[in-house]
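Beneath this line is the structure, given in structure tokens, with notes to follow.
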Amino acid sequence: MPKKQLKGVVVSNKMQKTVIVAVTRLKEHHLYKKKYKVTKRYQAHDEKDQYQVNDQVIIGEIRPVSSNKRWNVLRKI
């Protein structure tokens, strides 16, 4: 089974080997059919501390690295 991949923007890189990536997706209301944006923040592992704020990146699902980190930064877009 393939692992999940999400596209988002780095919003913080103040921690060591960790970046916070904001992923925005479009949802639709089930009754009124209006579309709206939902943003969720993920902590992702960045081994070399090479990603900066406002970089667009792709994160991939991995085994848990710590209590909150279950994602890894795969590459920059």
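Just so you know, all these numbers are worked out from the coordinates, no wet-lab data involved. The shown structure was predicted, so the numbers you read here are calculated from the model rather than taken from an experiment. Cβ atoms come from the backbone with ideal geometry, glycine included; neighbour counts cover every protein chain shown.
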Problem set entry | Gyration tensor verdict on the chain (Cα atoms; rounded if a/c is under 1.5, prolate if a/b is larger than b/c, oblate otherwise) | prolate
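What's the FRET efficiency of K27 with K48 using the Cβ-Cβ distance as r and R₀ = 35 Å, to the nearest 0.05?
Numbers: r = 34 Å, r/R0 = 0.98.
Efficiency computed from Cβ-Cβ geometry: 0.55.
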Exercise. What are the aspartates and glutamates whose alpha-carbon lies under 14 Å from the alpha-carbon of K17, with same-chain residues fewer than 8 places away excluded?
Worked result: D46, E47, D49
Exercise. What residue among R63, R25, R41 has the largest mean-square fluctuation in a Gaussian network model of the chain, using Cα springs under 10 Å?
Worked result: R63
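Assuming a ≥ b ≥ c are the square roots of the Cα gyration tensor eigenvalues, decide whether region 36-77 counts as rounded (a/c under 1.5), prolate (otherwise, with a/b larger than b/c) or oblate.
Because a/c hits 1.5 or more and a/b fails to exceed b/c, region 36-77 counts as oblate.
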